[in-house]
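Take a look at the structure set out below.
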Amino acid sequence: MPAHPSTAAESRPAPELRAGPPPARIRIERPSPVVDGGRFPAKRCVGDTVEVSADILRDGHDVLKAVVKYRGPGEREWREQPLAHIDAHVKGDRWAGAFSVEDMGDWTWTIEAWVDVFAAWRQELERKVAFGEPDLSGELSEGALMLREAAANAPDAGSRRTIEHALHVVEDPEAPAHAKYDAALGPELLVAVEHAQPRHESVDMEPHLTLEVDRVRARFSTWYELFPRSFGGFTGVTEQIPKLAELGFDVLYLPPIHPIGAKNRKGRNNTVIAAPGDPGSPWAIGHAEQGGHDAIHPELGTREEFAELVRTGREHGIDVALDWALNASADHPWLTEHPEWFNARPDGTLKYAENPPKKYQDIYNFNWNSEDWRGLWQAFYEILREWVDLGVRVFRVDNPHTKPFPFWEWLIEEIRKDDPDVLFLAEAFTRRKVMQELAKLGFNQSYTYFTWKNARWELVEYLNELAHGEEREYFRPNFFTNTPDILTEYLVEGGPSAFYIRLTLAATLSPTYGIYSGFEHYENVPVQLGSEEYLNTEKFETKTRALDGPMLPFIARMNQIRHEHPALQQLTNLRFLDTENEGLVAYAKRWGDDIVMVVVNVDPHHTQEGVAIVPYELGLPPAFEVEDLLSGERFDWRLGRNYVRLDPAFRTAHVLTVRNG
C-alpha cells in the first residue's frame, strides 16, 4: 500500500537552499533594443539618441526606481540616465528612457533597478496622514532611520543639510505632529534622499547588451556607381569629383578595379567568346602577370593615381567605395600558387560560377571548405587591410550570401577593431532571412527588394516592415534604383516618367539610395524583352561617359532637399497616408520640427487623382501651408483630406514641407 501522505513527507528531507542572500525579487525582462536576445548588437549612428525600454516588475507594492547604464568604447565607468513608466496611468510595468552616443565603436548598456524604500515609506505616510490616523510615531521612527542612512551618503553639502534638517524636525520631541509630517513629506527632501539613499535590492540586467555605433554615413548617404574605364580611368574619375559633390552624392562606388583575366573572357553583351579588344568583365578578377585582388588594372591608372582619387573624394566629402568581389578569373595567380583554395572536380577541372539561368564562364569560386581555410581567410583579410590602409572606407561586397557567415563575422569585426569608420554594403539579392543574417553579422547596409516594388500596396507593405519591424534595429536599406545587372521592367516600359518616380521614391523613402551611371540618361533598352540585362551592357565593354544627363538637375535638387531636411535622413519616422487611389502613394516623415510629406504617382502612363489624408498624430494644426520643394509652389492644406492630381507628363510627385505648422 502507498504510504500515507504525512508519513511520506516526514521521510523525505527538505531541499537545501544555497547559501547567501535570497534570490532577487525584481525582474527585468523584454529589453529593447535587442537583436536575437543579445546575440547581435543593435545599430545606431554617432549623435543618435538611443531609446531603451524594458519590463521591470516585483511582487508586492514597493516603489521601484531604474536607470539605464551605458559606456562607450574603451570606457570603464558607467554613465546613467533615469527610466520612467511609459504609462503611469495604468501603472504599467514598462519602463523607458534614453541616452546619446557620441563615438564610433561598440557601446555597452544595461538596466539597473532597485526598491526605493524611502519613496515607499513616504507614500504610506502620506496616505495615513490624509486618512487622519492619530499616532504615526512608529512610522516616523522608520523614516528617521532612513534619513540618518541617507545623510551619511549625501553626495553634496546642500543635500546633507536638507536631510539633516528634516531629520532634526522628525526626531524633535517638542515639534508638533503636523510639522514632522510637513518635514518628512517635503518635495525637496524627496529629491535629496533619492540621490543619497542606498539602492536596496539592486539588480543589474544580465547579460549586458551592446550597440554598434557607426558614423552617420552608415544611415544617410547617396551613392553614384560608375565604371572608371568609361570615364578615362582614375584621373578622369578624379576630375568628376567636384561635379559629383555639387550633385549631392557622397559615395562614389567603383566596380572591381583589379586586373581582368584573359582566359574565358566574355565578349560584348555577355557573349562567350571575346573579340580582340573586348575589355572583359571587371568581376573576372585576376591576371597571371598583372596580379589579383591586391593589384590595379594598369589601364585604369597607378596606385598613386587611385590614392589621389581617394584623397580628392575625401576633400569634397565623398567616400570612394570599392567592390569587394571574392571570385577569380581563370588567370588568377592563386590558381597556381594555392590550387587548394579552389573547387576541383575529380578529373581536375574547375567548375565556373553559375546562378541559373545566368552563367559566369569567366569566373571561378573559391573553396570555402578548403583544408587551408585559415590561409584563405587570412589572405583576404590582409588584402582588404591594404585597401583600408590606402584610405578606402566603404566596400560594396559582391554576393556575400555565397560565402560563409562566420567568415564575414570574423573579417568585419577584425577590420573594424582598428578602423570603426569602415562600412560594408551587402549586395545580397537573396532570401530575406539570409539578408537579415548578414546585417546582424556586421554589414552596415544592404541592397533590398525595393528595386522591384512598384505598386502602392507592395511599397507600403515592404517599407512598413523595414521601418517598423524588427529589422529596424539592425538592417539599413540602400535603395538602388538600378544596377549594371538590373534594368527593371518598370523602367523599360515606363519611359522617362518612370525614372523620376523611382528616383523620388528611393530618395525620400530611404535615408540611403543609389543610382548607376546611365540612369540620368533614361537608359532602358534591354538586351531582349523580359531580360533585366542592358543592351550593350557596360559590364563587357567600355563606353564614353560624362556627367551630362538631362535628369541631373532634378537629381541635384532632390539630393539638396535630402541634406536640408533631417526628416528625410531617417527611416523609422516613416508614416504612410491614405490616398483612396492605388495609383498614388503618400507618406510623411517628421523629425523634430521638420515635416516632409510626399505624394507620388506610381503610374508612369496616366494622370492619377486622389487625396492625401493627414492624420492628427503628425501634430499639425487644423490648417497649415505647405511648399512644394520641387516647384516652389505653395498650397493650403489641412488635417484630413487634401486633393492631389499628378500628371506624369508634367510632374510625378509633390515633395512638401510644412511652412506654418
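The values are calculated or read from the model by the stated rules, or taken from the named source; none is laboratory data. Note that the structure is predicted; figures quoted are calculated from it, not measured. Please note: Cβ atoms are built from the backbone with ideal geometry, for glycine as well, and neighbour counts cover all protein chains shown. Side chains are part of the model used for accessible areas, which takes the heavy atoms of the whole protein and leaves out ligands, DNA and RNA. Shrake-Rupley method; radii C 1.70, N 1.55, O 1.52, S 1.80 Å.
Here are the numbers:
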item: Filter result (among the hydrophobic types (A, V, I, L, M, F, W, C) and in a loop (DSSP other than H, G, I, E, B)) within segment 289-343; result: A295, I296, L300, I318, A325, L326, A330
item: Check on K263, of a type in the set (D, E, K, R), surrounded by fewer than 22 Cβ atoms within 10 Å (Cβ to Cβ) and within 23 Å of R562 (Cβ to Cβ); result: no
item: Residues that are over 15 Å from D319 (Cα atoms), in contact (Cβ under 8 Å) with a residue 60 or more places away in the chain and part of a helix (DSSP H, G or I), drawn from segment 191-227; result: V193, E194
item: Where G469 falls short, out of the listed (1) free of Cβ contacts under 8 Å to residues at least 24 places away in the same chain; (2) under 22 Å from E564 (Cα atoms); result: (2)
item: Qualifying residue in segment 418-437 (condition: under 29 Å from G38 (Cβ atoms), in a loop (DSSP other than H, G, I, E, B) and among the aliphatic types (A, V, I, L, M)); result: yes
item: Filtered residue count, segment 21-76, keeping only those that are open to solvent by 70 Å² or more (accessible area, probe 1.4 Å) and among the β-branched types (V, I, T); result: 1
item: Qualifying positions in segment 193-232 - open to solvent by 10 Å² or more (accessible area, probe 1.4 Å) and farther than 27 Å from E29 by Cα; result: R215, V216, R217, R219, F220, R229, F231, G232
item: Residue tally, condition without any contact (Cβ under 8 Å) to a residue 40 or more places away in the chain and open to solvent by 20 Å² or more (accessible area, probe 1.4 Å), over segment 280-301; result: 4
item: Qualifying residue in segment 447-463 (condition: more than 27 Å from T579 (Cα to Cα) and open to solvent by less than 10 Å² (accessible area, probe 1.4 Å)); result: yes
item: Yes/no for T512 being crowded, with 16+ Cβ neighbours inside 10 Å and β-branched (V, I, T); result: yes
item: Selection count where residues are on the phi < 0 side of the Ramachandran plot, small (G, A, S), part of a loop (DSSP other than H, G, I, E, B) and surrounded by fewer than 18 Cβ atoms within 10 Å (Cβ to Cβ), scope segment 602-660; result: 2
item: Residues satisfying the stated conditions in segment 384-417, i.e. more than 18 Å from the chain's Cα centre (by Cα), assigned to a helix (DSSP H, G or I) and of a type in the set (D, E); result: E386, D389, E414
item: Every residue from segment 540-555 that is outside any loop (DSSP other than H, G, I, E, B) and open to solvent by less than 20 Å² (accessible area, probe 1.4 Å); result: L552, I555
item: Qualifying positions in segment 157-190 - open to solvent by 80 Å² or more (accessible area, probe 1.4 Å) and part of a helix (DSSP H, G or I); result: R160, R161, E164, H165, H168, E171, H178, D182, P187, E188
item: Failed criterion for P15 (all others in (1) within 31 Å of the chain's Cα centre (by Cα); (2) in a loop (DSSP other than H, G, I, E, B) hold); result: (1)
item: Every pair of residues 6+ apart whose Cβ atoms lie under 8 Å, when the first sits in segment 619-647 and is closer than 19 Å to Q560 by Cβ and of a type outside the set (S, T, N, Q) while the second is open to solvent by 60 Å² or more (accessible area, probe 1.4 Å) and part of a loop (DSSP other than H, G, I, E, B); result: V626/R659; E627/E633; E627/R659; R634/R659
item: Residue in segment 145-156 that is nearest to F118 (Cα to Cα), counting only those that are assigned to a helix (DSSP H, G or I) and hydrophobic (A, V, I, L, M, F, W, C); result: M146
item: Residues of segment 315-368 satisfying the condition of being over 29 Å from G391 (Cα atoms), among the aromatic types (F, W, Y) and open to solvent by less than 30 Å² (accessible area, probe 1.4 Å); result: F342
